Structures are given as C-alpha cells and as structure tokens.
Amino acid sequence: MRVQVPRPASFLRFLLHPAGKIILAIATVALLSGIGVFTYYWIHYSRLTDQKLKEGPFAETAQVLATPEPVSVGVTLTAEELVASLRRRGYTEARSNRMGWYHVRSDGVEVFPGVDAYSTSEPGVIFLDKGVVTRIVSNRDNTERQRFFLDPELITNLFDRKREKRRIIRFGDIPKIQIQALISAEDKRFFEHAGFDPIRIVRTAWVDVTQNRRYGASTISMQMARMFWLSQDKTWQRKTAEVMITLQLEHKLTKEQIFEFYCNQVDLGQRKSFAVRGFGEAAQVYFGKDLRELRVDEAALLAGLIQRPNYLNPYRHPERATQRRNIVLQLMRDNGYITDNQFIEASKLPIKLAEGGVESSDAPYFVDLVYDDLQENFSDIDFQTNSYRVYTTLDMKLQRDAVEAVRIGMEEVDGLLAKKRKKYPEPQVAMVVLDPATAEIKALIGGRNYGASQLNRVLAKRQPGSIFKPFVFAAALNTTLEGRSPAITPVSQVSDESTTFYYDGQEYQPNNYHEKFNGTVSLRESLAKSLNIPTVKFGEMAGFDSVAAIAKKAGLESVRATPAMALGAYEVTPLAIAGAYTIFSNGGVYAKQNFVREIRSASGGQIYGYRPQRRDVLDPRIAYMTLNLMQEVLRSGTGAGARGRGFGLPAAGKTGTSHDAWFAGFTTKLLCIVWVGFDNNQELPLEGAQAALPIWTEFMKRAHRYREYRGAQEFEPPDGIATVDIDPLSGQLATGACPKPRPEVFIAGTQPLELCHLHGSGRSQVAGWDAPETAPDTAGQPATGQSAQPARTPRSRRTDEITAAPKQPQTAPRKDEKKGFLERFRSIFR
C-alpha cells in the first residue's frame, strides 16, 4: 500500500480551511507562549545567576592562622620539605598568586611573598646543601640573615552561618591527578559537552528501564547548579530550573571556572559538627595535606566520596571507602589516566589518614577558644561574612606533636585501666602549652576526639590536687621577706605525722597518700615527695591568707583561705593553672594567657594588636627557690619518671593526684600542663605520675627537638641567692664526713653558718654565696640556719674550703692549727 504524501498545494488548502486556521492559531499561540515562558525564566535565572556570581559564590569568612615559622641557618631541611611548607601556606610557582610564589634553584629556593602575605614577610633566598640550610639572604636589602620567617600557616577558616568550612582553591592549584579522578568518577566528558551529556542521558534511561535502578545522569555543571541555587527535591520544577541554570553557567563561565566552583562547594562529609566543603578542606581533614601533595590513591578516595560522603567516611567506614576508591581507580585506568601497574599498586595501598584525625589539621579546641574570644571582645565585627585574618599564637608543629603525644599517652592510660577489675568510662585529656615568659599558647588539646565531644576540657573546673602545692611553699618561703623569725627555708623541718588542724572553728584532718608517714622532713622533701600533712603545716606557718593572696594574684580566683586549699581542694581550669605557673617560670611575674596576636582586614590594615598583660606576684628570689624545689620533684621525687622515660633537659614540675591526674612542668622554653580524668568527675584510679606525666614527657621530648625550642638552659638564679652545700639530715653546712652532701639554695643571709653536728669532723664545701655586710649573730639560731632578716647581695661564684674543728681532749691547740682554722673560717665572709 502506497502512502501518499500531501502536496504543498493540498497543505495550503488545509491551512485555508477554517479548521486548519484554528489549528494554526493554536500552534502559533502555543509557540509564542512557550517562547515567552522560556524568555521569562531565562531572564529570571540569568539575573539570579548574575547576582550570585557578582556577590561571590562562597561566603567570605575570617581566616585563623598560626604563628610565623622560623627557618634558621644550620637547620636540617630539604628543598622538597621547604616547598611543601610553602604550599601549605598557599604559595605556588605562579607569579600571579596573591599569597606568594617560589622558585626552586639548584642551590636553594627563592621565596616571594604576595599582596596577601603576612605583613612582615620579606622576599629572600634560602640556600640548601645536602639537606641543611647553609645561608639565608634577604632580597629586601641583599643582606644575610640567620633566620627567615615563613608566613603563618592557615589553621582553618571560621565556619559560616550554615556551619560549613572550606579552603578556597583555584583551578591552577588543583593537581592534574585530582582533575582526572573527579571527572572519571562524576563526568568524564565534562570538558567536551555543553552542560548536558547526551550519551550519559541515553545510558541512564536504558539502565533505568532494563535494570530498574537509578543511574545518575547529572553532569558537573548540573550538580553545580543544584548545589548553589536549588534544593535537593526531586521534582520536575526543580529539574527544569536546574536545566535553565546549567545553560546560564555554560554561557557565562568557562569550563575551568565551573570546575573550580564545583571543587570548592562539593559536599565531602562531616567533620565534627561542620560540613566539609570542597577538596581543599577535605585534603586537610582526611590526610592533613595540601591538595597539591595528594597521591593518586588519595585523590581517588576524595573523588569517590562525592557519591555518598557520610556513608563512605573513611574514619568511620574504612572498608567502604577503600572499595569506592578502588572503583574510581578502575575508572581512571579505563579512561587511560593511569596504567595497569599504577592501578594495581594504588588499589593495594591501605588508607592512611591524618594522625589524630581532624585534631592535627586544624586544632579545633584552640579555634573554639579563639572564636569565643573574638565574639566576646570584638562583638561589633562580623567574622562570619568578612575575610579578616586572625593571626594567633599557635605553633602548628607543636600542635601536631601534642596530638601525637596525647594519642600515645592515652593508649597507655586505657591499658592501665583495662587491668583494673572495675569497668571505667572513657578517660579524657586536656593539654595546654605556653611560652613560659609571654604565656602565648603554642598548642592546646581539649579532649580525645572533637567529633565525639566538643566539650573543651581546658576550660573545665577540676580540683588541681598537688599541683597547687608550689603556691603553698612559695608563700612559706616568702615569710623570710616579711621579717618573720625564724625564717622558713628549704631546710626547715616539720613532723610528718597524723595531725588535726583547726581553722575557723572547724576540724580538718588530711592524710598522706597511702596513709604513710615519714617522721621529720624538710620543706624540700615535703614538696618532692608531695607529702600532704607537711604541706598543710607549712601553709599554716605561712598563713592561709598569704597562700590565697599569691594564688589569686596568679589568676586562680576561686581559691579560699582554708587548710584544704593547701592540697588543691578548690577547682580551677587547666588553662588557668597554666597561666598561674608563669610566676615560677618567669621570675615571679604573672603573664596572662594569650591566643590572638593581631587581626587584620582583607586589605591588610591592622584592627587589633596584642599588648602583654603582666603583673608582679613574687620576689624573683622566692620564685627561683620554689622553682628549684620543683626541680627536685623531677630529680628524686614523684616526677622522676620523666627522667626514666628519657627526658633529660633542665626542667621543673609537679605531679598532682586528686579525683584526676595532673602534671605541670616547664623548661626555659616551654610550659606544659596535662590533665587526665573522667567527664563525670569520677575518681581516676591512677596517679599523676602514671597518667599525666607520660603524656607530658612524650610531648616535651618531641617539642624540644625543634631549633627554636632546642636550647633549653639551666635556670639562672637572680641576685641575692646563696647556694651552699648542706647535710640533708641536719640542715647545716656539710663537712667532708657527711655521707650525702648536696647544694641548697637560700636567700642570702638565711643560709646556715654552723657545721653539721651529726658529722662534725672533716671538710665542708661552701659554694656560691656571700654573707651580708653586717651578718646577724647566728650563734643562738636553730640548726636550720634561719636568720632574722634577709640580705640582697650579689651572688659569688667562688668555692671556699672550711675545716671543721675536730673533737679532741681539752689540750691547747698548736698556734699554726688555730691560725689556719680562723683564716679559713674568715674566708667565708670575704
């Protein structure tokens, strides 16, 4: 049967027919209406797209940055390590980069800060030879430097009002391997199609019909339209809008711009209570790396997360993440981006995530403190919608070491608790690391896992226990300056026995740890062994009001003047106790803790600069004597385990055991406080030396390897300190017959002048002191060598020998013997 095609004449006759005219009119109206509707929505979405692109697709939030990092001549450093460090700071090889650029030479690396670099950054050349920095030359004035400061490293961007966090990257910053992994996983013809992939649409329809399962057809452009402008509702209205916006994007933007926006906005999972947006942030969260440093297996893992980011989270579901990563690697091989051997090698690699999880990448507890400080002190500034730069005191190297030390130490604590018969909840931890002179916070840990709990335990009030005792002994030693008699010195003695104290009409009966008593003990021994009853006795001798006054001046406002205060009964925070300890590390001067150094606007203008807050609390001599007592804690007392674990630098510290475990200690370079306990305030069945001290030791060993912290020195005594050899049993000047003489420190004028009555014959060593010009009469003084008034006199570094008068029958001594004894004795006062 033949089908007759209507002739043109017949078609024209049909259009002239009344029915034809009606149909033509309807079609014309429908066409014009369709064009009108399309034009309306085209203009509507064009304006919508233009407005979003004009405002910027991402909310501008403040950046939180660490402290500048020094590079010194002589330090071990390779060109690869230096380049990686520069990349973490946003530097690239492109000269147009606003942060800065670098150039690798055969003999070193040239560094050129950009317009967005730190205000004090300067261009220079770091010369390297065999992995060592040999020279540093500043290009500013062409002079040599001993140190060169790299820009502060970005810790994080403050979250926006949607609690999203991202690190903005440019297309030029995205490594080729990440581009290949992404388009293999999501849209392999992205750089070829015009926003829609017909081949993929047909395949999706075929899979949907034949296999009855969903198969995504959205291109990267369509996904971007949905992410920025639309909801996730699966309706025809949303799909229509998605098509219109996709057309707009392909018309207004280049492929590179679309790809860049997508890589900064795509959802890649949750980090604690924040959404991880973009590959720049994800590379830090999951691998602790700059995006440009990722390997092929790591790039494939990130690209694979796009499909179901929370379901595939590698921290919670490593097996799922591994399986999805290998699928992306296979797609990359099929697309010719990697070879068969590369696929096999990469798919066999285990997933190696950042040590400590997100804790090591952005110091979340520290950032919370900074954010709270900004909200409290700069309430008129909106940090969530403006790109301010907040420069902090954090040292990222120390922060990473703190995370690792906590991880190792808490595994040890978990093991000790597992051996107990009772089942305990998960123990928690806090660590604060300060500069001992300025109180700038260098590292901070507020808990084991920020994702599980955002409670910042450095701000939690807990009983400090025995780490409060140094304040008691400082008050006791301070009585010497108040003119009390007899003066309390490190060799002053009390009886360690069961004692009931009466205060304000109430009884207080403390006990020693393990209910063990030691008889007569010195002040030094009382602190070194952390003896409770002697501590309360010395506090009573000093006056509990005096102890409380010192503690409050050091920032511990919650203490009250009672006997229980001497044993750390009143709650304080780890952050507060860290600041309080600066009076010992800083010559009696309290320095208030500080997180933020300065704040600058996007244009570089300074909005805020920190001014140190300091006040005198103790006489430098009293601070040094207390410090010297705390050195004994690490030498022979409850903190001696630090030496056994391999930490040998000059240090002072104190253990603490209450409901919790504490250790507070410092060198001339760093001050560190560690707390371990339960959130419910349940008693931790471990001592401070078992739970907190190992963490402190692990961190301090790691931290002092860096050049800027490596040179921890002996603590220098101030003027007016006398150092003499004494017998620890009698508290008097040691003789040659004393079996265990040791040096002891005193305020000049309060040192003992009598020879040891227990070992009276032999020779005695007196080192490092000068008696006052008008020495008080000490003949009637007790054996502890107290004097009515101290004397500030310069220290002497000579060592004189004294021969003790031997006990002999009453026969006249020979003239030369008598003369020799007097001459030697008088030499003390020269």
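The values are calculated or read from the model by the stated rules, or taken from the named source; none is laboratory data. Worth saying up front: this structure is predicted, and the values here are computed from it rather than measured. Quick reminder, even Gly has a Cβ in these numbers, built from the backbone with ideal geometry, and neighbours come from all protein chains shown. We work out accessible area using only protein heavy atoms, side chains counted, and drop any ligands, DNA or RNA first. Shrake-Rupley method; radii C 1.70, N 1.55, O 1.52, S 1.80 Å.
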Quiz item: Which of the residues belonging to the stretch 639-668 are among the basic types (Lys, Arg) and in a strand (DSSP E or B)?
Solution: 654
Exercise. Only residues that are of a type in the set (A, V, I, L, M) and at pLDDT 90 or above: list them for the stretch 100-116, please.
Key: 104, 109, 111
Quiz item: Of the residues 297, 401, 362, which single one is acidic (Asp, Glu), touching a residue at least 24 places away in the same chain (Cβ under 8 Å), in contact with a Lys or Arg (Cβ under 7 Å, 6 or more places away or on another chain) and under 23 Å from residue 698 (Cβ atoms)?
Solution: 401
Practice problem: Scan the stretch 654-661 and give yes if some residue there is touching a Pro at 6+ places or on another chain (Cβ under 8 Å), surrounded by fewer than 24 Cβ atoms within 10 Å (Cβ to Cβ) and over 21 Å from residue 414 (Cβ atoms), otherwise no. | Solution: no
Exercise. With the checklist (1) modelled with pLDDT under 95; (2) open to solvent by less than 20 Å² (accessible area, probe 1.4 Å); (3) out of contact with any helix residue (DSSP H, G or I) (no Cβ under 6 Å at 6 or more places or on another chain); (4) hydroxyl-bearing (Ser, Thr, Tyr) in hand, flag the one item residue 361 doesn't pass.
Key: (3)
Quiz item: What number goes with the only condition from (1) open to solvent by 20 Å² or more (accessible area, probe 1.4 Å); (2) on the phi > 0 side of the Ramachandran plot that residue 631 does not pass?
Solution: (2)
Exercise. Scan the stretch 554-563 for residues that are touching a residue at least 40 places away in the same chain (Cβ under 8 Å) and open to solvent by 20 Å² or more (accessible area, probe 1.4 Å) and report the count.
Key: 2
Quiz item: Any residue in the stretch 292-299 that is surrounded by fewer than 17 Cβ atoms within 10 Å (Cβ to Cβ), at pLDDT below 90 and over 30 Å from residue 93 (Cβ atoms)?
Solution: no
Self-check item: In the stretch 615-628, residue surrounded by the most Cβ atoms within 10 Å (Cβ to Cβ) [restricted to those that are of a type outside the set (A, V, I, L, M, F, W, C) and over 14 Å from residue 715 (Cα atoms)]
Solution: 619
Self-check item: Residues (open to solvent by less than 70 Å² (accessible area, probe 1.4 Å) and closer than 20 Å to residue 293 by Cα) located in the stretch 330-348
Solution: 332, 338, 343, 346, 347
Quiz item: residue 634 is checked against (1) in contact with a Phe, Trp or Tyr (Cβ under 8 Å, 6 or more places away or on another chain); (2) closer than 18 Å to residue 527 by Cβ and fails just one. What number does that condition carry?
Solution: (1)
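Rundown of residues vs (1) of a type in the set (Val, Ile, Thr); (2) within 22 Å of the chain's Cα centre (by Cα); (3) within 20 Å of residue 574 (Cα to Cα), yes/no style:
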{"site": "607", "(1), (2), (3)": "yes, no, no"}
{"site": "657", "(1), (2), (3)": "yes, no, yes"}
{"site": "664", "(1), (2), (3)": "no, yes, yes"}
{"site": "675", "(1), (2), (3)": "no, yes, yes"}
{"site": "680", "(1), (2), (3)": "no, no, yes"}
{"site": "683", "(1), (2), (3)": "no, no, yes"}
{"site": "704", "(1), (2), (3)": "no, yes, no"}
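Given the criteria closer than 18 Å to residue 469 by Cβ and either at pLDDT 95 or above or not hydrophobic (A, V, I, L, M, F, W, C) (or both), does residue 646 qualify?
No, not satisfied.
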Quiz prompt | the stretch 627-638, residues that are part of a helix (DSSP H, G or I) and closer than 27 Å to residue 705 by Cβ | solution = 627, 628, 630, 631, 632, 633, 634, 635, 636
Quiz prompt | Close pairs from the stretch 410-424: first more than 24 Å from residue 445 (Cβ to Cβ) and charged (D, E, K, R), partner open to solvent by less than 50 Å² (accessible area, probe 1.4 Å) and part of a helix (DSSP H, G or I), Cβ under 9 Å, at least 6 apart | solution = 423/417
Self-check item: Of all residues making up the stretch 419-435, the number that are open to solvent by less than 10 Å² (accessible area, probe 1.4 Å) and either modelled with pLDDT under 95 or more than 30 Å from residue 65 (Cβ to Cβ) (or both)
Solution: 1
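Considering 714, 683, which residue is in contact with a Gly (Cβ under 9 Å, 6 or more places away or on another chain), open to solvent by 10 Å² or more (accessible area, probe 1.4 Å) and either acidic (Asp, Glu) or without any contact (Cβ under 8 Å) to a residue 24 or more places away in the chain (or both)?
Working: 714 fails: in contact with a Gly (Cβ under 9 Å, 6 or more places away or on another chain).
Exactly one of 714, 683 is in contact with a Gly (Cβ under 9 Å, 6 or more places away or on another chain), open to solvent by 10 Å² or more (accessible area, probe 1.4 Å) and either acidic (Asp, Glu) or without any contact (Cβ under 8 Å) to a residue 24 or more places away in the chain (or both), namely 683.
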Quiz item: So residue 25 clears everything in (1) surrounded by 13 or more Cβ atoms within 10 Å (Cβ to Cβ); (2) among the small types (Gly, Ala, Ser); (3) modelled with pLDDT of 70 or more except one condition, right? Which one?
Solution: (1)
Quiz item: If you go through the stretch 440-469 one residue at a time, how many are touching a Lys or Arg at 6+ places or on another chain (Cβ under 6 Å) and part of a loop (DSSP other than H, G, I, E, B)?
Solution: 4
Quiz prompt | Top-ranked residue in the stretch 686-699 [being under 10 Å from residue 663 (Cβ atoms) and of a type in the set (A, V, I, L, M); ranked as surrounded by the fewest Cβ atoms within 10 Å (Cβ to Cβ)] | solution = 689
Quiz item: Would you pick out the residues in the stretch 118-127 that are closer than 13 Å to residue 140 by Cβ and under 28 Å from the mean Cα position of the chain (by Cα)?
Solution: 120, 121, 122
Exercise. Just give me the residues in the stretch 378-423 being among the aliphatic types (A, V, I, L, M) and either in a loop (DSSP other than H, G, I, E, B) or on the phi > 0 side of the Ramachandran plot (or both), in sequence order.
Key: 381, 394
Quiz prompt | Every residue from the stretch 577-593 that is of a type outside the set (Val, Ile, Thr) and open to solvent by 10 Å² or more (accessible area, probe 1.4 Å) | solution = 585, 586, 587, 590, 592, 593
Exercise. Determine whether the stretch 564-571 contains at least one residue that is at pLDDT 95 or above, touching a strand residue (DSSP E or B) at 6+ places or on another chain (Cβ under 9 Å) and open to solvent by 30 Å² or more (accessible area, probe 1.4 Å).
Key: yes
